[in-house]
Amino acid sequence: MGEPAKFGKKQTRRSVLVADWLADRIITVGGLLVIAAVFGMMVFLVGVVLPLFRPAAITGHAQYATEQSEQPVVALCVDEFKTTGIQILADGSVQVRHLRTGTAFKVPSLDFGGRTLTASARTIDTQKLAMGFSDGTVRFATLGFETEILPETAVPEGARRLDARDQTDGTAVYSAIPGKQVRKVAPKISLEDEIPASDAHRPIAAMDYRLSGFEEHPGKTLAVVDDQGHSLVIKAESRMNIMTRKVTTDVEKATLPTLEHGISPAYVLVNDSGETVFVAEKNGTVHRFNVRDFGKPFLAETTRITPQGVDLTAFGFLLGDASIVAGGSDGSVHILFEIRRDDAKTSDGLSLVCARTLAPQPAPVIGLCPGRRGKTFASADAQGGIWVRHATSERTLAKLQADPHTAGMVLTPRQDGLLAVGKAKTDLWDLRIEHPETSWRTLFGKVWYEGHPEPTYTWQSTGATDGFEPKLSLVPLIFGTLKATFYSLLFAVPLSLLAAIHTSEFLHPSTRGKIKPAIEVMASIPSVVLGFMAALVMAPIVENWIAAVLLGLFVLPASLILAACLWQLLPPVWALRLDGLPKLAAMTLLIGAALYLTWFVGPWFEKAVFAGDFKHWLNGDAGRAAPFLFVLLFPVCAVGVSSAASRLVGPRFRALLKTLSPFRAGCMDLLRLLGMAAITAAVSWALALLLERLGVDARDGLVGTYVQRNTLVVGFAMGFAVIPIIYTLAEDALNAVPEHLRSASLGCGATPWQTALWIVLPTAISGVFSAIMIGMGRAVGETMIVVMSAGNTALIDLNVFNGLRALSANIAVELPEAPKGDTLYRVLFLTGLVLFAMTFVINTVAEMVRLRFRKRSMQL
């Protein structure tokens, strides 16, 4: 024999080593960049969200001494730039001052004609004032400011310098602004003619004043109570002729029922429509009058809102005239509003309730000042403490200390400052109140909103009026996300997993090579197309054939199971010959036949189970509860009966089948299936009758009023989008199971189905679980399908026939309308952060479970 061939020393080419080194570094850097990008996104979201929970801050404070007269302050008004303030006293004198320096301007006093002012009221914007006098008359006044933007050369010569920004000529303030311009702010006060309010010419003891309508069609509502308890509501509505510009005013008066003798009204409130009047006594008793029928007002309710021994020391509306703030002599502050209740012991079915109790102040509350934006207000106590609060979030935004003898206070129009006038000093605080309406409670807890019968989780970001209060609970959105995900996975997981098992274990490789790519193509369909089809095609079909759709959920699997049992009756030669594409074609025809059967039988099924009309049955107008309970219980009972039969007679039945020929064994298996179906039906019907007798009705929860774009449609459409993902990954995981495990199982006498169920699936469970979790992640983050086919109703409702709103869909719908930096804008970013956290938690848990399954499978 010749000498063996000699080979040179093996060496890897330098280019391969360099390429390997570069690939290693690129992959490492790329992975780190991905982690950094995800972390950066989270940091960005947190940065946008944090201001929602930031407390209010005092950014500036100006104080100056004032010589306040003994006359009480009737009105206090500030311009929106915190430049000038107007103050009217009870004797008619008017004081106009520069807010930061206290410089006074010369302004003529109001002429009351020698009459004594006995009561006053002002609108929430502080610019409209009503004054009641000792002779029973009322006069209206308007306070305001004229603002102009002028070139800096327009400042009068000899103007006095007030501070670094402002100058004055004695009648107006000129503030320097960018662009070599000045802003001129000049006070404007007008007094209207008097009108008689008390027919008996008695002194006005208490009054309230509201404006409604638009500038071209204004309306005034005035409620007055004289010193003898006689109450009157006056409504004045003005109309302007577009052609002649002439204004005509219609005045209506309604006399309220006289209160009992000895009652001394301390406060009166009327809403802007004039339909409800509250008259409150000092001891905390409130009388509510219903004036909806202006010709027949009546006393609807008398209730006490303070405990025994606690006086009512402050009483006033917040913006919107629905919430009332009540302050007590014990420092307590309560928020009240009227709601409709079934158990209300009142003549109109409404009841005044205490919805919230805010943090008490250390001294009696003596003054209230509502803000012009939202439910923010300020409350002053007898020790000079002023607390700025928000009624809905129950947050105390700022605590200020003013003159103990505070005569009046007002929140600035932009809610960025507060002016407090005392007998010895006047204070102006600059405030930064960014998002007073948000707190952990308003975002994730139950809140009792105006007009709601009880605390609820509510999302409603916009309304039609300025008095609307945003409701920003994220709980309905989280619930909607989980609800949509649950029903989509309930539809997708069984189909995709069974399809993956069938493709991997029972189809010929050549057939599998055609089927799998076809299903994977489904994943390339844009979600907007699926949403469009679901909303405009699927939703109407499901609505018109809902009974057939529900029937099909049972007929389709039952048909396939029955066909599988019948397939066993074929001779083995024919079964092998027809395996592959012919068998798949037969299954397709069977599915088509089952769909036709459900369409044909649907009307009879609807008549038998739902009294002929499914929607009427859902509304409780027809039919019984038992038939639908039977439908719901059937799959549960089927699992129970199958498990019981497998344990009790399963081994003996399988032993019997081994002694029979294939045909007879197939017949026995078919009889077993039909017998179990009959037993399942009997058990389900018996349980349905029992539950019906116990008062259980699925219409109280799982199903209810039907809307066209509902959760069922979302489940179908989103399930269609998720199926290709779960199927592909699960099928790859099943194919990755070593072939020797299948051979060993089959060699031990197991059937292909037993091998797939008890050997292949447990071995590939980590990959299958990952496939399900990835599909779940797709469902949680899905946007367009939910936006287009879910109805966008933010409800917490188990009803599968009702709509929903998911977190992702809410961002898509609301973000275009959210001003940058606004509360809604930041809450939407919080929505994204919650969605981010949900997917992070789900993926983390999924990975932990997957690793545990993988360790177990590696032991095989």
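The values are calculated or read from the model by the stated rules, or taken from the named source; none is laboratory data. Bear in mind that the values here come from a model prediction, so they are computed numbers and not experimental data. Here the Cβ is made from the backbone with ideal geometry for all residues, glycine too, and neighbour counts use every protein chain on show. Surface accessibility is based on the protein's heavy atoms, side chains included, excluding ligands, DNA and RNA. Shrake-Rupley method; radii C 1.70, N 1.55, O 1.52, S 1.80 Å.
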Condition (residue is of a type in the set (Asp, Glu), more than 32 Å from the chain's Cα centre (by Cα) and open to solvent by less than 70 Å² (accessible area, probe 1.4 Å)) applied to the stretch 600-613: is it met by at least one residue?
yes
Could you tell me whether residue 257 is open to solvent by 10 Å² or more (accessible area, probe 1.4 Å) and either outside any loop (DSSP other than H, G, I, E, B) or closer than 16 Å to residue 224 by Cα (or both)?
yes
Has the stretch 60-68 got any residue that is in contact (Cβ under 8 Å) with a residue 40 or more places away in the chain and of a type in the set (Asp, Glu)?
no
Residue list for the stretch 176-199, restricted to those being farther than 22 Å from residue 84 by Cβ and part of a strand (DSSP E or B)
192, 193, 194, 195, 196
Note on the stretch 742-783: residues surrounded by 16 or more Cβ atoms within 10 Å (Cβ to Cβ) and of a type in the set (S, T, N, Q) are 745, 755, 763, 766, 770, 783
Looking only at residues that are touching a helix residue (DSSP H, G or I) at 6+ places or on another chain (Cβ under 9 Å), assigned to a helix (DSSP H, G or I) and within 19 Å of residue 567 (Cα to Cα) in the stretch 646-664, which one is modelled with the highest pLDDT?
664
If a residue counts only when it is out of contact with any strand residue (DSSP E or B) (no Cβ under 7 Å at 6 or more places or on another chain) and surrounded by 16 or more Cβ atoms within 10 Å (Cβ to Cβ), which helices (runs of 4 or more DSSP H) contained entirely in the stretch 504-582 have at least 3 such residues?
509-521, 527-533, 539-544, 546-567
Restricting the stretch 227-254 to residues that are closer than 14 Å to residue 279 by Cβ and modelled with pLDDT under 85, which is surrounded by the fewest Cβ atoms within 10 Å (Cβ to Cβ)?
228
Single match in 428, 482, 477, 443 (criterion: under 19 Å from residue 833 (Cβ atoms) and more than 11 Å from the chain's Cα centre (by Cα)):
482
Residues of the stretch 739-776 classified as acidic (Asp, Glu) and under 17 Å from residue 853 (Cβ atoms), total
0
Sort through 164, 176 and tell me the only one that's open to solvent by 40 Å² or more (accessible area, probe 1.4 Å) and modelled with pLDDT of 90 or more.
176
By residue number, the members of the stretch 665-721 that are more than 27 Å from residue 780 (Cα to Cα), among the charged types (D, E, K, R) and not in a helix (DSSP H, G or I) are 697
Of the residues in the stretch 488-500, those that are open to solvent by 20 Å² or more (accessible area, probe 1.4 Å) and either of a type in the set (S, T, N, Q) or within 19 Å of residue 766 (Cα to Cα) (or both) come to 489, 493, 494, 495, 497, 498, 499
Only one of 319, 299 is within 31 Å of the chain's Cα centre (by Cα), in contact (Cβ under 8 Å) with a residue 24 or more places away in the chain and either assigned to a loop (DSSP other than H, G, I, E, B) or crowded, with 16+ Cβ neighbours inside 10 Å (or both). Can you tell me which?
319
Qualifying positions in the stretch 43-71 - surrounded by fewer than 13 Cβ atoms within 10 Å (Cβ to Cβ), in contact with a strand residue (DSSP E or B) (Cβ under 9 Å, 6 or more places away or on another chain) and part of a loop (DSSP other than H, G, I, E, B):
54, 55
Could you grab the pairs with beta carbons closer than 7 Å, sequence gap of 6+ or different chains, first residue in the stretch 687-706 and in contact (Cβ under 8 Å) with a residue 24 or more places away in the chain and under 25 Å from residue 796 (Cβ atoms), second one open to solvent by 60 Å² or more (accessible area, probe 1.4 Å) and in a helix (DSSP H, G or I)?
698/632; 706/615
Output the residue which, of all residues in the stretch 117-150 that are part of a strand (DSSP E or B), among the charged types (D, E, K, R) and closer than 19 Å to residue 195 by Cα, is least open to solvent (accessible area, probe 1.4 Å).
139
Of the numbered conditions (1) open to solvent by 10 Å² or more (accessible area, probe 1.4 Å); (2) touching a residue at least 24 places away in the same chain (Cβ under 8 Å); (3) in a strand (DSSP E or B), residue 335 fails exactly one; give the number of that condition.
(1)
Condition met for residue 802 (assigned to a helix (DSSP H, G or I), of a type in the set (S, T, N, Q) and either over 30 Å from residue 542 (Cβ atoms) or in contact with a strand residue (DSSP E or B) (Cβ under 8 Å, 6 or more places away or on another chain) (or both)):
no
If I ask for residues that are surrounded by fewer than 21 Cβ atoms within 10 Å (Cβ to Cβ) and within 16 Å of the chain's Cα centre (by Cα), which ones from the stretch 799-825 would you list?
811, 812, 813, 814, 815, 817, 818, 823, 824, 825
Residue check, residue 157 farther than 22 Å from residue 268 by Cα and in a loop (DSSP other than H, G, I, E, B):
yes
Test set (1) free of Cβ contacts under 8 Å to residues at least 24 places away in the same chain; (2) in a helix (DSSP H, G or I) - residue 846 fails condition number
(1)
List pairs: first in the stretch 69-95 and closer than 13 Å to residue 419 by Cβ, second open to solvent by 10 Å² or more (accessible area, probe 1.4 Å) and charged (D, E, K, R), Cβ under 6 Å, 6+ apart or cross-chain?
75/122; 80/414; 85/97
Among the candidates 821, 832, which residue alone is out of contact with any strand residue (DSSP E or B) (no Cβ under 8 Å at 6 or more places or on another chain) and on the phi > 0 side of the Ramachandran plot?
821
Please go through the stretch 434-457 and give me each residue that is open to solvent by 20 Å² or more (accessible area, probe 1.4 Å) and either among the acidic types (Asp, Glu) or at pLDDT 90 or above (or both), ordered by number.
434, 437, 440, 441, 444, 446, 448, 450, 454, 455, 456, 457
Just need a number here: residues in the stretch 460-476 that are out of contact with any strand residue (DSSP E or B) (no Cβ under 6 Å at 6 or more places or on another chain) and modelled with pLDDT of 90 or more.
3
Can you tell me which condition residue 286 does not meet? The list is (1) in contact (Cβ under 8 Å) with a residue 12 or more places away in the chain; (2) open to solvent by 30 Å² or more (accessible area, probe 1.4 Å); (3) not hydroxyl-bearing (Ser, Thr, Tyr), and all the others hold.
(2)
Odd one out for residue 636 among (1) open to solvent by 60 Å² or more (accessible area, probe 1.4 Å); (2) over 19 Å from residue 560 (Cα atoms); (3) assigned to a helix (DSSP H, G or I)
(2)
